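The structure appears below as structure tokens.
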Amino acid sequence: MILTRHEFRQWVKLHYPEFYKWDSPLWSIEYKINKGPPEWFVQVKPVAMRRDGRRLREQYWAWCDENMRGKLLCYYSNFEDNREWWGFTKKEDIALWLLKWSG
């Protein structure tokens, strides 16, 4: 599932209204990246690197830095309901990322 920023905010408002406000911790991470806030959001099964140790996490972020034009952030991760939401600053990065990392 791919949502625009507006659609993702509506999903947050529906499921987690306490995080809907702009000053919530969910959105504060956006100020730390320099390529603007994500405009596209993808729901996937948890990315394998999240559970598989430090080395794979380092490889994951190195791959993202080398292969993606924009930035991405994890907005939601829950292994109990088997899903994560990732935000992308560049729509064209989504397909390559999904092929490489989604379960």
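Here's the yes/no breakdown for (1) at positive phi; (2) of a type outside the set (A, V, I, L, M, F, W, C); (3) within 13 Å of the chain's Cα centre (by Cα):
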{"residue": "PHE41", "(1), (2), (3)": "no, no, yes"}
{"residue": "ARG57", "(1), (2), (3)": "no, yes, no"}
{"residue": "TRP63", "(1), (2), (3)": "no, no, no"}
{"residue": "MET68", "(1), (2), (3)": "no, no, no"}
{"residue": "CYS74", "(1), (2), (3)": "no, no, yes"}
{"residue": "ASN78", "(1), (2), (3)": "no, yes, yes"}
{"residue": "ASP81", "(1), (2), (3)": "no, yes, no"}
{"residue": "LYS90", "(1), (2), (3)": "no, yes, yes"}
### Task
Quick one: in the stretch 1-27, of everything that is under 14 Å from the mean Cα position of the chain (by Cα) and not hydrophobic (A, V, I, L, M, F, W, C), which residue is modelled with the highest pLDDT?
THR4
### Task
Please go through the stretch 61-87 and pick out each residue that is polar (S, T, N, Q) and modelled with pLDDT of 95 or more.
ASN67
### Message
Out of the residues in the stretch 64-103 meeting the condition of being part of a loop (DSSP other than H, G, I, E, B) and among the charged types (D, E, K, R), tell me which one is farthest from GLU39 (Cα to Cα).
### Response
GLU80
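The values are calculated or read from the model by the stated rules, or taken from the named source; none is laboratory data. Only a predicted model underlies this, so the values are computations on that prediction, with no experimental measurement involved.
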